[in-house]
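Okay, structure first, notes after.
The values are calculated or read from the model by the stated rules, or taken from the named source; none is laboratory data. Quick caveat, the model's predicted, so the values are computed rather than measured. So basically every Cβ, Gly included, is an ideal-geometry build from the backbone, and we count neighbours across all protein chains shown.
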Amino acid sequence: MAHVILHIGAHKTATSFVQRQMFFNRAALRRHGVYYPDLGPNPAHHILATPWISLPEIDPEYYGPSGPDGLWETLTQTYAHKPGTLFLSAEVFSRARPQAVDFADMRARLAGFDSVKVLYVLRRQPELLQSIWLQVLKSGTPPPFDRFLSHALQTHLASGLWLDHTRVYEAVGQGVPAEDILLWDYDQIRHHPGGILQAVLDLLQVPISARAFPPLPDTQANHSPDPLASYAAYAISSPDHPGAALMRRAHQALIHLPQGRPTLYTRAEYLAVQETFAPLNAALLQRHSPYQPSNQYHLDLTPPGDLLWRDQIGNMFWLDLLNQMQKAG
Amino acid sequence: MARIILHIGTHKTATTHIQDSLHANRKRLKQHGVIFPHIGQTRGQHGLASAWIKLPMPYSLTDAERSWKRLARVYGPGDHTVVVSSEELSRLRPHRVNMAQLRDWLQGFDEIRILCCLRNQASFLQSVYQQVSDERQPGHWVPYLQAALRSRMVDGLALNYAGLVSHIETGFAPDEITLLSYDHAIHSPGGILGAVLAAINCPLTAEDLSASPHGTSNISPPPLASFAANGIALPARAEAGLVHLAARHLPRPNRTTLFSRPELAQIRALFDPLNRALENSRASVQPGFRIGPMLGAEAPEHELMFRGELTETYWIDLARALRSAQR
């Protein structure tokens, strides 16, 4: 029996980590009947989305002579008759804008397999939104956070990604029946022993401990910068990118913050996100409950008690940051 | 009858304004029997304090003791009121006036009076911090404040006014001392200058005096601008341009305070009882004397902008202006 599990993110749910681990350990996985193909140009399988989504950063030479469609045909030819599970991972499949995957078309391309399941890891919207803003800042100049937030609350989109998980669920549902959709709660799963990687290995019935995988080189890891340092630096530099020096100074000033886990939000902003998305999450859980026990994902948006709100930054942080700027002249 | 009145400040009670005004109107005052002598190179008679307190030039006199004794010799036999004004006479650290010696040097006068103007400790402390900021880097406000509260002294100046009065009383009888509330005086007709003229029994009012050609003295920037500029400039002194920049972005520059609400409450809890005790101890010689209300007590607190109310927007705007100025 040949199965497919397509992991479609969401973005900012340790996808790069999972993809790199699966990629670098694909030989070991193969011995347990799990296939993680090397499709290029990186450990993920974003290239598979190119029949629907334009990804100009991918060099056409990776498609081969049959183009993007040929990749899908090759997958069926190579794996549809092999017992085991083909694991594909590309968070771009959950993208909403400017283009989106046609899941009915996608499912049709995998008709040669005995089963196709879609794994979608849901991140709680306050953390997801923050993480997306920080990711955009790493490579460019996002709108100011308050404007980004306001737009997200109105449209349920952030940088072309759905914050309303139901919209992804429905898009997938165009081609994949609900019983073949797996929803995971990122916050729950990352706190399990072995984290999200172990959860994936368990799903694939691979009898290996995630801890047995050798550590990966750090160079390609996608570390998130500190939210408040990033916020402060960009608030000062926008519309320009803050640059490394200002970011470094803002990080140094963090020693003056009170105890707590820094967040981009004021309490009021966080509560606005909670108010918008908690009912949508509850409705999705209810809708999917015939197919998956709801205790596997609860998506609780209650603000954690250890958060340090943006409006708790205090004078000493700013004084230190401005003092460093003054000294740097 | 010859009288001498020693106006000993304290600091930050418009002493420069008073000294400038009296100096500019010396001739007019003399016509009314009030002598404001020109001693040394300053308009106030600060050099006289250098008999005990080391002062930099141009404040210092080479022989201050001689100047004191000359005052007694020249004016003691006449029928004048001599006014000497220097807030340095109220300094407690690192050196202080030997009050007994001073009283002794002034034996030639028929009447000797100390006039001491007191400001509520919160405003005084804040104002000293700002004055010091003008001259050097005082460091962050919070440790500065806490050190002052521990020692009940700021920059060598008394915060515990009962202690200051006790020191004066080592040379002068209680009934030779007149305390004046700066906070009440500034709201009286003629303001602080009018109150001082009244205290020395001068027949002139503040309106009778011409303005000093030296203009308004020691106009301080908004306290929170000093707070921000000092913190940014550390360890260097905050230049005027930086203070101006910090002031420009304050939402309510006219009514700010360095204090947080809890700090102001701490000051009140510490000094209000001491002030009431001083007032009680003075009841026999100066009935009705009251030190003015503590900062924030005379107006609703919501009119004051406290340090904790500096917003993210303020800091970001200031940081952007600083960055822009640096380019």
- Task: Look at B:Arg93 and say whether it is part of a loop (DSSP other than H, G, I, E, B) and not β-branched (Val, Ile, Thr).
- Result: yes
- Task: Test each condition in (1) in contact (Cβ under 8 Å) with a residue 40 or more places away in the chain; (2) not in a loop (DSSP other than H, G, I, E, B) for B:Ala211 and report the one that comes out false.
- Result: (2)
- Query: How many of the residues in the stretch A:279-329 are in contact (Cβ under 8 Å) with a residue 24 or more places away in the chain, polar (S, T, N, Q) and away from every other protein chain (no Cβ under 14 Å)?
  - Reply: 4
- Check A:Leu48, A:Leu39 and return the single one that is closer than 29 Å to A:Asp164 by Cβ, free of Cβ contacts under 8 Å to residues at least 60 places away in the same chain and assigned by TED's automatic domain parsing to the domain that holds A:Pro126. A:Leu48
- Which listed residue, of A:Asp226, A:Asp164, is at pLDDT below 95 and farther than 18 Å from A:Val18 by Cβ: A:Asp226
- Query: If you scan the stretch A:218-264, which residues turn out to be in a loop (DSSP other than H, G, I, E, B) and either within 20 Å of the chain's Cα centre (by Cα) or not assigned by TED's automatic domain parsing to the domain that holds A:Leu321 (or both)?
  - Reply: A:Ala221, A:Asn222, A:His223, A:Ser224, A:Pro225, A:Asp226, A:Thr263, A:Leu264
- Just a yes or no: is a residue in the stretch B:291-307 within 14 Å of chain A (Cβ to nearest Cβ) and either acidic (Asp, Glu) or in contact with an Asp or Glu (Cβ under 9 Å, 6 or more places away or on another chain) (or both)? yes
- Task: Could you check, for the stretch B:230-249, whether at least one of its residues is assigned to a loop (DSSP other than H, G, I, E, B), of a type in the set (A, V, I, L, M, F, W, C), farther than 16 Å from B:His140 by Cα and assigned by TED's automatic domain parsing to the domain that holds B:Ile316?
- Result: no
- Message: Can you find, within the stretch B:214-264, the residue that is surrounded by the fewest Cβ atoms within 10 Å (Cβ to Cβ) among those that are in contact with a Phe, Trp or Tyr (Cβ under 7 Å, 6 or more places away or on another chain) and at the interface with chain A (Cβ under 10 Å from one of its Cβ atoms)?
- Response: B:Ser260
- Working carefully through the options A:Arg190, A:Arg249, A:Arg267, find the one that is crowded, with 16+ Cβ neighbours inside 10 Å, among the basic types (Lys, Arg) and modelled with pLDDT of 95 or more. A:Arg249
- Would you pick out the residues in the stretch A:222-246 that are surrounded by 14 or more Cβ atoms within 10 Å (Cβ to Cβ) and among the charged types (D, E, K, R)? A:Asp226
- Expected single match for of a type in the set (Val, Ile, Thr), more than 17 Å from the chain's Cα centre (by Cα) and surrounded by 14 or more Cβ atoms within 10 Å (Cβ to Cβ) among A:Thr50, A:Thr78 is A:Thr50
- Message: So A:Glu275 ticks every box in (1) in a loop (DSSP other than H, G, I, E, B); (2) free of Cβ contacts under 8 Å to residues at least 24 places away in the same chain but one. Which box is left unticked?
- Response: (1)
- Message: Exactly one condition in (1) closer than 21 Å to B:Ile200 by Cα; (2) within 21 Å of the chain's Cα centre (by Cα); (3) of a type outside the set (S, T, N, Q); (4) at pLDDT below 95 is false for B:Glu135; which is it?
- Response: (1)
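Results for (1) part of a helix (DSSP H, G or I); (2) over 15 Å from the mean Cα position of the chain (by Cα); (3) of a type outside the set (Lys, Arg), shown as yes or no for each residue.
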{"position": "A:Gly112", "(1), (2), (3)": "no, yes, yes"}
{"position": "A:Tyr120", "(1), (2), (3)": "no, no, yes"}
{"position": "A:Ile132", "(1), (2), (3)": "yes, no, yes"}
{"position": "A:Leu137", "(1), (2), (3)": "yes, yes, yes"}
{"position": "A:Pro143", "(1), (2), (3)": "no, yes, yes"}
{"position": "A:Thr166", "(1), (2), (3)": "yes, yes, yes"}
{"position": "A:Ala171", "(1), (2), (3)": "yes, yes, yes"}
{"position": "A:Leu182", "(1), (2), (3)": "no, yes, yes"}
{"position": "A:His191", "(1), (2), (3)": "no, yes, yes"}
- Message: Pairs needed: first member in the stretch B:73-99, farther than 17 Å from B:Val154 by Cβ; second member anywhere, of a type outside the set (Val, Ile, Thr) and part of a strand (DSSP E or B); C-beta distance under 6 Å; at least 6 residues apart or different chains.
- Response: B:Thr81/B:Arg3; B:Val84/B:Leu6; B:Ser85/B:His7
- Taking the stretch B:308-317 and keeping residues more than 7 Å from chain A (Cβ to nearest Cβ) and farther than 22 Å from B:Leu264 by Cβ leaves B:Thr313, B:Asp317
